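What follows is a short report on a single structure.
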Amino acid sequence: MSRPAVTDASPRWPAWLAPLASERPGRGDLRRAETTILVLIGLFLLVATINDTVRKIDTNHRLIADLHTWRTITGHDYRNLSVEQDLKGYSTREIVCGNTRPGPPGEHVQICLVMTGPVVHGLRSTHGGYYLPPRAQDLPRNRYGCFGAAASGGFCGPTGVTAKPKSLSYEGE
Amino acid sequence: MNQISNPPPLALEGAAAQGATVSLARVTGVRSRRVTGALVLATIVLLAATLEIVIDGAVGHSPLIPKSPQIAGWLSGVGERLGFRVFLIALLADIAAYALFLSLIGSVPRRLAIVLVAALNMIVFAGPILFSTDVFSYIAYARMGASHGLNPYLHGPFTIHSDPVYKYVGSDWVRVPTAYGPIYTLITYPLGLLGLAGALWGMKLLALAASAGTLWLTWRCAAKRALDPRFALFAVGANPLYVTYALGGAHNDLIMLLFMMVGVTFALQERDASAASAIIAGAFIKATVGVLWPFMLASRRTLGTVGGALGAAALCALAGYLAFGVHGVDLVAALNRDAALVSTDSFPTEIAHLFGKPGVFPVDHVMLKAGLVLVAVHMLWRTWRGYDWVAASGWALLAISVTSTWLLAWYILWPLPLAVVSRDRRLLIATFAVQALFVIHQTSPLFAPVS
C-alpha cells in the first residue's frame, strides 16, 4: 500500500511528519466502525428524545387538568394562572395560583391549590391550599390561611396555619 | 449530493430511435413539470411559513416572542398572536419544504437559490426579535460600557436597571456578566450609543451582514471543493433553524460563523497564517470556534498556522486586556460558567430523564466532558492521518452541541457550514439528524397545548 501524497505546504518536514493530502486508503474498517457507533448513538438519542417528548406531553396534559381543576373549584374562568411544579421532589404535585377576583396577575389576593394524583375526566385531586397577599412571591413566609392537606403538609410553616398579615386587606375570600 | 441528471442516451437505430426519443422527451417533460411544480410548492411554503412566523410574531404578547420595543409595529395589524401550535405547524411545514427543495436542488437555477435565500433572510430581518432575549443582553452589555462606563465582564445588566434596555433582558441573565469574547463586546460598543431602537436595528443589521458573509463564503468554499454551491448555500441559508432562530434572534453566533468561514476560506487557499488568525479572532467573538484551530494545525502543520494564531491571540488579548482588564481575556472562565448551565432541551437532560433521573448531576458533567475529549482526540488522530480537517472540526462542534447541557437551537447550527463543505457526507447527515431530534423535542405543545 503506497503512502498518500503529501501536500506541498511544508516541504521542510521529514516525510513521516509531512501533512497528508488525503487519508491512507485502508479496508474501510475504521469508517465502518465509526458509522456503526454513529448509528447507535443516533438511535439512542432518538429513543431519549421520543421518551422525553412523550413525558413533556404527559406533563402538559397534567397542567391542562390542573388549570381546569382550579377554574372548576374556584368558579373563576381566569386565563392568567401560575403553575409551580415540584422540580426538587420530582413528583407530579403542582400548585396552581390565581387571583381571587378579576385583575392583572398577582395584583389581588391569590388562592393557591395543591394538585396531586392522576388526571381523571380532565380533573385532578385537590387536597388543600393557601392564600397569598397581592404582589407577593409564593414563599412559605408569605403564605397564610392554609387549609386541608396543605396545613398539615407544612406549606405555611411548621405550625400549619400562618396568621393573616395584619397590613393586608382581604378580597374575595 | 442530490442532483437530477438526464437519462443516458440510448443506442437505437431508425424508427425505434425516433420513438424512443419522443418517449424519452415525454418522460423528461413530465418529470420536468413535476420537478418544477414541486419547486414552486416548496418555494411558496418556505416563504409563507416564514412570513407567518414573522407577521404573527410582530403582534407580540406571545410566550414565544420576547418582550421588545416596537420595531416591527408596521406589521402588527396584519397577523394574530403567535401561539405554540401555529408556530410549530409553520416550522414543520418550513422543514418539509426545505427538505423537498434540497432534494431537488440539482434542478434549481443558481439565481433562484440565491434570491430565495436572500428573501427568507430579509423577511426575518424586517420582523421582530424572535424566541430569545439574548440580543437585549448584548445591547445591555454594550450600553454598560459605552454609556455607563461599567465593565460588562465584572457586572451584570442589573447595574444599569434604570436603563431602557434593562426591562427587556431575560430575568435569568440580569446579574450575569457577559460570557462573550472581548472583540465582540468592542464591536457592539458603538451600537450601544444609538439608543435602544437604534441598537436593536444595529444588532439585526450586524446579524444579517454576518449571515450574508457566511453564506457567500460557504458558496465559495463549496465551489473550491468541487461541491454544488447551490446545495451548500441553500442547506445553510434556508435552514429553518438558521433563519427563524439564529437570524430571527440576531444571535452573535452568526458573527462567529462568519469568522469560522473566513478561516476555512483562507485555509482552502493555503493562506494558513490568515486562516489561523481568523479562527483565533473568532474565538475572541465566541470561544467555541477556537475548536477549529487544533484540527487546522494537525492537517496543515505549517508555521503560518502557529504564527497566525499566536499573532491574532496576542492582538485580541491585548485589546481585551486594555478595554476590560484581565477578566476580558479569561475566555475559559466564561466557558466553564456556561458549561454548568442546564436546559430542558439538551440531550444530556433527555438521557437523564430516560434513566429516571430528575436532571443532570455534576458527575454527568464530568462524563460528558470525558466523552467530548474522546471525540476530539479521535478526530485529531484521524486528521493527523489525512482526514479532512474541516469535517473533523464539524464533528467536534457537533459533539460539543450534543454533549452540552445547555443546548439552544442556534448551537446546533455551528457545524452546518462545515458539514456542507466537508468531504464526509456523514457529518451533514448527522447534523441534520441532530437538528431533527431537537425539533421533535419541541413538538409537545402540538399534542397538548397548555392555555
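No lab work stands behind these numbers, since they all come straight from the coordinates. Nothing here was measured: the structure is a model prediction, and the numbers come from that model. Cβ sites come from the backbone with ideal geometry, for glycine too, and all protein chains shown count toward neighbours.
Computed from the Cβ-Cβ distance with R0 of 45 Å, the FRET efficiency linking B:Ala226 to B:Phe355 stands at 0.50.
Short to long, the 20 Å bins of the Cα pair-distance histogram for the protein assembly as shown hold 17, 46, 29, 8, 1, 0 percent of all pairs.
Number of Lys-Lys pairs in region B:129-443 with C-alpha atoms under 22 Å apart and a separation of 8 or more places or on different chains: 4. Between the residues B:Phe131, B:Ala99, B:Asn151, the greatest Cα displacement towards the positive end of the dipole of region B:71-183, with unit charges on the Cβ of Lys, Arg, Asp and Glu, is found for B:Ala99. A Förster radius of 51 Å combined with the Cβ-Cβ distance from B:Leu193 to A:Val39 puts the calculated FRET efficiency at roughly 0.45. Relative to the first principal axis of the alpha-carbon coordinates of chain B, what is the inclination of helix B:14-59, with its axis defined by its Cα atoms, in degrees from 0 to 90 and to the nearest 10? The answer is roughly 20 degrees. Stretching the chain fully between B:Ala48 and B:Ala333 yields a gain of 98.3 nm (0.36 nm per residue, less the alpha carbon separation).
Give me the angle, in degrees from 0 to 90, between the Cα long axis of helix B:253-268 and the longest principal axis of the Cα atoms of chain B, rounded to the nearest 10. So the inclination is approximately 60 degrees.
Dividing the Cα radius of gyration of chain B by 2.2 N^0.38 Å, with N the residue count, gives 1.04. Computed from Cα positions, the angle between helix B:362-384 and the longest principal axis of chain B comes to roughly 50 degrees. With both labels modelled 7 Å from their Cα along Cα-to-Cβ, the A:Arg79 to B:Arg426 distance reads 5.1 nm. The Cα atoms of region A:26-123 cover 75, 29, 23 Å along the three principal axes, with the biggest extent listed first.
State to the nearest 20 debye the size of the charge dipole of chain B about its Cα centre, where the only charges are +1 on K and R beta carbons and -1 on D and E beta carbons. About 820 debye.
With Cβ to Cβ distances under 14 Å as the rule, what net charge do the other residues near B:Ala48 carry (K, R +1; D, E -1)? Once all neighbours under 14 Å are counted, the net charge is -3. Between B:Asp172 and B:Ala340, the modelled labels are 1.5 nm apart [label points 7 Å from Cα along Cα→Cβ]. Calculated mean residue ellipticity at 222 nm for chain B: -21000 deg cm²/dmol, from DSSP H runs with n ≥ 4 weighted as -39500 (n - 2.57), summed, divided by the residue count and rounded to 500. Here the dipole of region B:22-128 is about 500 debye; that uses its Cα centre as origin and unit charges on the Cβ of Lys and Arg (positive) and Asp and Glu (negative). Only the Cβ atoms of Lys and Arg (+1) and of Asp and Glu (-1) were treated as charged; on that basis the dipole of region B:208-357 about its Cα centre amounts to roughly 360 debye. Once the Cβ-Cβ distance of A:Ala21 and A:Ser152 is raised to the sixth power relative to R0 = 60 Å, the FRET efficiency obtained is 0.20. Peptides B:301-311, B:363-373 ranked from most to least packed give B:301-311, B:363-373, packing being the mean of other C-beta atoms within 10 angstrom over each peptide's residues.
Placing a pseudo-label 7 Å from each Cα along the Cα-to-Cβ vector at B:Leu154 and B:Leu205 gives an inter-label distance of 3.2 nm.
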